[in-house]
Every structure is written in structure tokens, then in C-alpha cells.
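Reviewing the structure listed below.
The values are calculated or read from the model by the stated rules, or taken from the named source; none is laboratory data. Computed from a predicted model, the values in this text were never measured in an experiment. Heads up, the Cβs are rebuilt from the backbone with ideal geometry, glycines too, and the neighbour counts pull from every protein chain shown. Protein only, heavy atoms only, side chains kept; ligands, DNA and RNA dropped before computing areas. Shrake-Rupley method; radii C 1.70, N 1.55, O 1.52, S 1.80 Å.
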Amino acid sequence: MTETPFKLFNSLTREIETFTPVHPGEARVYSCGPTVYNYQHIGNMRAYVFSDTLGRVLRWKGYDLTHVINITDVGHLTSDADEGEDKMEKMAAKAGKSAWDIAKFYQEDFERDLARLNITGKQHPRATEYVEPMIEWGKRIADKHCYELESGLYFDVSTIDDYGKLARAVTEEGEGRIGRLEGKRNAADFAIWRKTPEGETRQMEWDSPWGKGAPGWHLECSVMGEALLGFPFDIHTGGIDHREIHHPNEIAQNQAYCCTGGLGDAENSGARIWMHNNFLVERSGKMSKSSGEFLRLQLLIDKGYHPLAYRMMCLQAHYRSELEFSWEGLGAALTRLKRIVMGVERLKDEVAGDPSHQKFAPMREKFEAAISDDLNTSVALVALDEALAVKKVDGGVKRAVIEDMDRVLGLNLFDLTREHLRIRPVSAEITEAEIEAELIRRKEAKIAKDFATSDAIRATLAAKGVEVMDGDPLGWEWKLG
């Protein structure tokens, strides 16, 4: 264990708190995962870069980490309220496929994106694997906390203390998202079990004491969190959009199930600390899945950007701050990552030494202080830059320091090359081999002082979208526009 206390912002208490594990030496983290009815946009993926960074810091500090990211493959309606169609059923009907096939396809795509962003080592339980425990959970809380309507079993939020404390207040916008289903006792009441309407058949439905149907979305996370991590566990994460409805409803269920009191004691919520990353903002409106060709990781890759440039972009901002996406910003993050990789290139043949060398002490202290201060990754990156800039020091020692920092940042620095980071859209008609051959011809022409040929080659490459960067310090570089 390192000595610097690990401090995190708790959304439930709105305070910075020192992390103290529920189980000594262990860290148990639950992150709300995707509803696998479509591809994930890059705003969704910011949440997993954040939670992965949290997990990396916990491991770096010596904790035995268990990290769960659930897969919602049933139960999530087209609004956060108990209204609309099930997202899985709707997409299955649109695609002419089974809901199970839709879930499998988009879960696999999500897991590919995780791997591309160097997010590994998580459990991905599916909601449909836990339906029977969800029914048992409903039975346990039904008498004291629920009531039935024709459409299913609903949770009465007035039966627990401090409902909505996480959100602090129900705004007018929030009330709209909650909905006002006829017959509900309170506007904020929510479905534990949604009964299949008479005369209809769903692809995903199960028998229950409240009729054939499917579990409510909020119930899934409560049941899987308790089953896989036990109550209370250490940290629950999610996007800030979950702070207003989904997570308050989770907490209410947890209080009911565990027969606990109010939220003055954070453990009564099911987790000691609740953490939320802020939004990724994109001004053109292409973040939404309804926009058609929305921004997802594959689109960034198709335009020629390495996915770890997006991870770098996320790390450059604090997770609780809004992050504005732009192609210029992504390009700047790529340039910074490339510069670091070029610095690391010189260390790849070194045998890692002892990272505790006194010359690196200020950078290591700055790095640890930053990540221990509510995951201040932007300052941690500055510490890494400073460590790379240290002169006249054993290369093996420097390698060990940078490797240690990258255990937290997850940029895969010793596997990347600057060739990996070249911008090369999939639409480009010229191949890398052709570009390299032309650059060799151009270099020979310049050596022979045949500047007319040199300029002609550059112009030909430019016409094909290749920008030649003569000033590149380690040799001529290029990028495809």
C-alpha cells in the first residue's frame, strides 16, 4: 500500500472522502453498463475510461480489485420512466432478429471497444442471467414497499427514508423523465416488474407472481451488485445522467431489501461511495444514437485516429468536468500521445531498473498526489511528461518510472509505436507501402539536390491526401487527411 490517502468525491454526500475499503485489502466496484440494443457512442465510453482509471489506481495502491460492469439485455425502456417500448424488443423488431441475437452482437461490439481503449479485466454479467434472483428480490420487498397495477409491480418511494438524496432535488426536467403513469401513488414510483400487456407476447418474458413479464431496469443493477459484490460494497460508478433517476431508484431498492434506514449512513445505499463522470459534449448533435451516423469509436478509427488518442483525450480532463469533443481536440490528444510514445521509444531496449531513484522522486510524488486527489489525471500526465524529460539518468530507471505511471494511465506506451499513431482513414486509396516508397524517392531527390522532383513528389502525395511533415525531428513523417 502507498502512503498517500486516496480521496474521492462521493456524489451521495457531496464531499471528498478518504477511501476506506469495506473488506481490508479488497476493493469492490460496480459500474452501470450499457443497454446492448445499439452501438455505444463515445460519450458512453467516457464512463468506462473513467471507471477503468479508478480500478487501475485501486490496483496500483495494492487492493485486490473486483470490478463488475453489467450488461443490460432486458428491461430498459425507451425512456428512463416506465414508459415506451423495451429498447431490446424495439431493435429486434426493427432488425428482424431475435432480441437475444441483438444483445449478443452489440455486447461483442462493446467488448471490442473496451479492448481498443485498453479497458480489461472486468466481469460482464448479463441481466437475463439473473431474472430468477430478481423475482426473489421482488418477493422480499413487495409486502412493505410495493403495490400492483395492471401494468405490473411498482415501488412506493414513500416507504423508504431520504428518497432522492443522491439527486438532491427532482427538477422539472426530472419530473418529465419520471413520468406520471396513471395509478401510481407518487410520480417517482417505478417498476419492479413490468407485466406483458394482455394479448401481447414479448421475446424476453418470464413467469412471476405478478404475471408474465420482465424485470424493471433499475432492479437489475441492485440484484447483480448484491449477488456479485455483497452489500455494502465499496464504490458504485456511472454517468452523471444516472444520478437523477436510475441510481436513486437503485438505492431505494437496496434500502428496502436490506431493511436499512436513511442515507445519513452512506452504507445504507448499498455502496459506501457513489461516483459519476460528467458528460462528453459534442456541439453538432451527433452524439445521440437517433442522429444516424453518431459518434462511436469505430468512426474515430475509420477517420484514421488510434482509439488510445480518445483515452488520452479523456485523461486530459477531470472526470467530473464536462469534456467537449472536437476533431481538433482529438488531434491534439493524438499529438500529445505521439510525442510521449516517441520519448518512450528510446527506452524500449532498456532493462527496467529501480523506479525509486531520487532524481525521479518529485515526479513520482506529484503523480501519486494527483491520482490520489480524486483521480486528477491531467496533473498525473504532466508528471509523466516531466519524468520523460529528465536528462542524464539511467534508461532502465526511467523506463521503470514510466511503466509504473502507465499502469494507472493505461496508454499502453511500451507497445505503441509512432507508426500506430499515424492518421490514416480507411477511405484512403494510397497504401502505406506506396507512401513510404515515394518518400524514399523524395529523400534521394533531395540528397541529389533535385528539388524539382522532390517538390513534384510532395505535390503528388498531397493530391492523394498525404501531408508530409519535413520538420519531424525523428525523420520524415506523414499523415493522411
Which residue is surrounded by the most Cβ atoms within 10 Å (Cβ to Cβ), if the candidates are limited to the stretch 247-278 and must be in contact (Cβ under 8 Å) with a residue 24 or more places away in the chain and in a loop (DSSP other than H, G, I, E, B)?
G270
Single residue of the stretch 133-158 satisfying the filter (touching a residue at least 40 places away in the same chain (Cβ under 8 Å) and over 22 Å from I245 (Cα atoms)) that is most open to solvent (accessible area, probe 1.4 Å)
E150
I'd like the full set of residues that are farther than 11 Å from P425 by Cα and either in contact with a Pro (Cβ under 8 Å, 6 or more places away or on another chain) or part of a loop (DSSP other than H, G, I, E, B) (or both), limited to the stretch 297-317.
L297, Q316, A317
Return the residue satisfying two criteria in turn: it lies in the stretch 20-75 and is among the acidic types (D, E) and in a strand (DSSP E or B), and of such residues it is nearest to H247 (Cα to Cα).
E26
Can you tell me which of (1) within 27 Å of G329 (Cβ to Cβ); (2) touching a residue at least 40 places away in the same chain (Cβ under 8 Å); (3) in contact with a His (Cβ under 8 Å, 6 or more places away or on another chain) is the one Q123 doesn't meet?
(1)
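Each row is one residue, and each column tells you yes or no for (1) touching a Pro at 6+ places or on another chain (Cβ under 6 Å); (2) modelled with pLDDT of 90 or more; (3) closer than 28 Å to R346 by Cα.
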| residue | (1), (2), (3) |
| --- | --- |
| V379 | no, yes, yes |
| V397 | no, yes, yes |
| I430 | no, no, no |
| A433 | no, no, yes |
| L439 | no, no, yes |
| T460 | no, no, no |
Considering every residue within the stretch 191-210, establish whether at least one is open to solvent by 50 Å² or more (accessible area, probe 1.4 Å), modelled with pLDDT under 95 and outside any loop (DSSP other than H, G, I, E, B).
no
What pairs can you find where one residue is in the stretch 193-213 and more than 19 Å from G138 (Cβ to Cβ), the other is of a type in the set (D, E, K, R) and surrounded by 17 or more Cβ atoms within 10 Å (Cβ to Cβ), and their Cβ atoms are less than 8 Å apart, with a gap of 6+ or different chains?
Q203/E89
Residue that is closer than 23 Å to K195 by Cα and assigned to a helix (DSSP H, G or I), where the choices are K97, K90
K90
Would you mind stating whether L421 is under 25 Å from the mean Cα position of the chain (by Cα) and open to solvent by less than 20 Å² (accessible area, probe 1.4 Å)?
yes
Checking Q358 against (1) loosely packed, with under 15 Cβ neighbours inside 10 Å; (2) modelled with pLDDT of 95 or more: exactly one of these is not met. Which one?
(2)
Residues that are under 23 Å from G121 (Cα atoms) and of a type in the set (S, T, Y): does the stretch 54-69 have at least one?
yes
Quick one: which of D373, D385 is crowded, with 16+ Cβ neighbours inside 10 Å, modelled with pLDDT of 95 or more and either closer than 14 Å to L413 by Cα or out of contact with any Cys (no Cβ under 6 Å at 6 or more places or on another chain) (or both)?
D373
Residue identified as of a type outside the set (K, R) and crowded, with 23+ Cβ neighbours inside 10 Å among D101, D73, D82, D64
D73
Which condition breaks for F414 when tested against (1) closer than 30 Å to G55 by Cβ; (2) open to solvent by 80 Å² or more (accessible area, probe 1.4 Å); (3) among the aromatic types (F, W, Y)?
(2)
Out of all the residues in the stretch 7-33, which are open to solvent by less than 10 Å² (accessible area, probe 1.4 Å) and farther than 19 Å from L166 by Cα?
A27
Being under 29 Å from the mean Cα position of the chain (by Cα) and small (G, A, S) is the filter here; which residues of the stretch 183-241 pass it?
A188, A191, A214, G216, S222, G225, A227, G230, G238, G239
How about the stretch 279-296: which of its residues are open to solvent by less than 50 Å² (accessible area, probe 1.4 Å), modelled with pLDDT of 80 or more and in a loop (DSSP other than H, G, I, E, B)?
E282, F294, L295
Has the stretch 323-343 got any residue that is among the charged types (D, E, K, R) and touching a strand residue (DSSP E or B) at 6+ places or on another chain (Cβ under 8 Å)?
yes
Within the stretch 424-459, work out how many residues are among the hydrophobic types (A, V, I, L, M, F, W, C), closer than 26 Å to G304 by Cα and exposed (fewer than 13 other Cβ atoms within 10 Å of the Cβ).
5
